Amino acid sequence: MRRLPWLLLGFSLSSCGADAIAPGVHQPFNPPAEYRVWFQSTESCSGLGGDFDRLQFFRVPGDEFPCPSGMCVARWTDQHHIYVAEEFVDNEIVIRHEMLHDLIGRAGHPDPPFGASGCGLTWSSWSGRIAAVPHID
């Protein structure tokens with residue numbers, strides 16, 4: 001069964017203000033080198049500049065987690081924190097989507113830069129690998 005409709009809700013992922021992930025549930029991790037390349041690609045497609053090194057990444061166990069907008073696979077906060085369900089730490093669209101929130105500095109999904117007329121970093125506009133769209137059986 002496809003999980004796409006549920007993840008669209010969770011892929012709203014962003015929030016301003018204090019982090020709302022329960023302490024002790026998430027673990028910091030050093031981003032792989034590929035994340036820096038993805039950040040540069042996101043800067044390029046959005047026409048925005050940012051600072052990759054201010055981002056802090058946190059792994060959350062499982063394939064989703066509760067957040068203020070529902071169940072999420074990832075979430076950005078205005079403290080430059082990106083929380084990612086461990087099942088999605090290698091998922092380009094998920095990571096770049098959150099990076100784009102950091103570049104625009106807010107929640108919401110304006111088009112551009114999120115939609116097809118910008119970076120294409122929503123499930124409906126993603127032109128990356130088909131495998132990037134999550135499924136559950």
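Tabulated values for the structure
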{"item": "Under-5 Å amide H pairs with Leu48, H placed in peptide plane, nonlocal only", "result": "none"}
{"item": "Whole-Hz ³J(HN,Hα) from phi, Karplus 6.51 cos²θ - 1.76 cosθ + 1.60, for the stretch 74-83, glycine and proline x", "result": "6, 7, 9, 10, 6, 8, 6, 9, 10, 9"}
{"item": "Potential extension, Glu86-Trp123 segment - 0.36 nm per residue separation minus Cα distance", "result": "11.4 nm"}
{"item": "Whole-Hz ³J(HN,Hα) from phi, Karplus 6.51 cos²θ - 1.76 cosθ + 1.60, for the stretch 116-127, glycine and proline x", "result": "4, 7, x, 8, x, 10, 10, 4, 6, 10, 5, 10"}
{"item": "10 Å binning of all Cα-Cα separations within the stretch 31-91, expressed as whole percents from 0 upward", "result": "21, 50, 27, 1"}
{"item": "Antiparallel content of DSSP bridges confined to the stretch 58-114, in %, to 5", "result": "70"}
{"item": "Sequence-distant residues sharing a close amide H with Gln56 (under 5 Å, placed H)", "result": "His81, Ile82"}
{"item": "Alpha-carbon Debye profile of the stretch 26-137, log10 I(q)/I(0) at 0.10 Å⁻¹", "result": "-0.25"}
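Throughout, read-outs are computed from the coordinates displayed, never taken from laboratory work. What you are looking at is a predicted structure, and each value in this text was computed from that prediction instead of being measured.
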